[in-house]
Amino acid sequence: VQGGKRSGQIESLISKGQAPEWLDGKVSECSLMDDATAQTTPYELTNAMMDFAVQHGSTVLKGKVEGIKMTEKEGVVNGVIVDGKVIEADCVVIAMGPWSCMAEDWFVNFKVPMEGVRSTSIVFKSEEAIDPYALFCGEDENGCHLEVYPRASNEVYMCGIGGSKYLNNEMLKKVTPGEITADPSRVAAATRSFSAMSSLGIKKNQQPDIAQACMRPCPPDAKPYLGAIPGTSNAYMAAGHNCWGILWAPVTGKCMTELILDGASKCVDLSAFDPARFTKEVSAKKGRGRQQVETPVGEQW
């Protein structure tokens, strides 16, 4: 979808069922990518999976992870420090999104380069059901390249708002998830962009029902960290999925389960996602220090 002076092509697409009726504003170009794509709502999916796990014996404990506890035997983790208390463990998986980079302070000779991308998103709620057409929009005069996702809950979720901020490892370690909030200027920009293309859920001077932000976890090579943490026998990492975390979450859980229980992943070849790929081996003469790997970091989409 491209904004601009309204084209007669749009009405034709709407009449053929190839564009939503609510695309009733300033749209110059539009084309149907495919008609066989499904979407899921992240909140619903994660809560459904967590509820299922709890029903089958798991326990959910919320708190601040501050480190890990090792046994006297090198390479064996036997606990996680949460809010100052040690929770005993016979296996640990670091899956803390962008904050997984904190693990490089907990394990010897382990580098986890990570770029956190703070991105704003908004949600408008509708009183009526919404035709389920997702929009992928071109760059516009407000600096947005909107992605618009109507949901079965009669909500319209929007990202691609632009103006993202980038945090390196040291910056990530100093910020908490609670401090990741929406950029008001980008909320206003996205509202202008969408209201120009559609009247759906948008009234004069209406503000989004939800304005929020996420911190996307982006390794330098755009590949997640999936596998064993070097120098350990029972510690693993599953992080760095960028904006694809929800999409990749089920297969990530499956391959990590196979790795932990069976010793190897059968469903996915994990060699390209080795958490140790940015870690330089330090020779015995240099002791147990850490060494940074110089790797260029480009734009993460």
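The values are calculated or read from the model by the stated rules, or taken from the named source; none is laboratory data. If you're wondering where the values come from, they're calculated on a predicted model, not measured in any experiment. Backbone-built Cβ (ideal geometry, glycine too); neighbour counts: all protein chains shown. Side chains included, ligands, DNA and RNA excluded: accessible areas come from the protein's heavy atoms. Shrake-Rupley method; radii C 1.70, N 1.55, O 1.52, S 1.80 Å.
Pick out which of E66, E147, E115 has the largest mean-square fluctuation in a Gaussian network model of the chain, springs linking Cα atoms closer than 10 Å.
E66
Where is the GNM fluctuation largest for the chain (alpha-carbon springs, 10 angstrom cutoff): G84, G67, G245?
Judging by the Gaussian network model, the answer is G84.
Can you tell me the length gained on complete extension of the stretch Y166 to I246, counting 0.36 nm per residue apart and subtracting the Cα distance?
In short, 26.7 nm is gained.
Can you tell me the relative contact order of the chain? Whole percent, Cα pairs under 8 Å, sequence separation 6 or more.
Computed over the chain, the figure is 20 percent.
Which residue, M158, A38, G143, has the largest displacement toward the positive end of the dipole of the chain when charges sit on each Cβ (Lys, Arg +1; Asp, Glu -1)?
The Cα lying farthest towards the positive end belongs to G143.
Probe radius 1.4 Å, ligands and nucleic acids ignored: give me the carbon and sulfur share of the accessible area of the chain as a rounded percent.
Its accessible area is 53 percent carbon and sulfur atoms.
When the Karplus curve 6.51 cos²θ - 1.76 cosθ + 1.60 is applied with θ = phi - 60°, which whole-Hz ³J(HN,Hα) does each residue of the range 220-234 get, with x for Gly and Pro?
Computed from phi, the couplings for the range 220-234 are x, 9, 6, 10, x, 8, 9, x, 7, 7, x, x, 10, 10, 8 Hz.
How about K85: which aspartates and glutamates have a C-alpha closer than 13 Å to its C-alpha, ignoring those fewer than 8 places off in the same chain?
K85 reaches E66.
Going through the cross-link list K69/K173; K223/K280; K111/K223; K64/K254, which pairs have a Cα-Cα distance over 23 Å in this structure?
K64/K254
At what distance in angstrom do the alpha carbon centres of the range 1-63 and the range 143-202 lie from each other?
Comparing the Cα centres of the range 1-63 and the range 143-202, I get a distance of 15 Å.
For a quick protection proxy, order the peptides 159-172, 181-194 by their average other-Cβ count within 10 Å, most packed first.
181-194, 159-172
With springs only between Cα atoms under 10 Å, which of P20, P220, P42 fluctuates most in a Gaussian network model of the chain?
Residue with maximal mean-square fluctuation among P20, P220, P42: P42.
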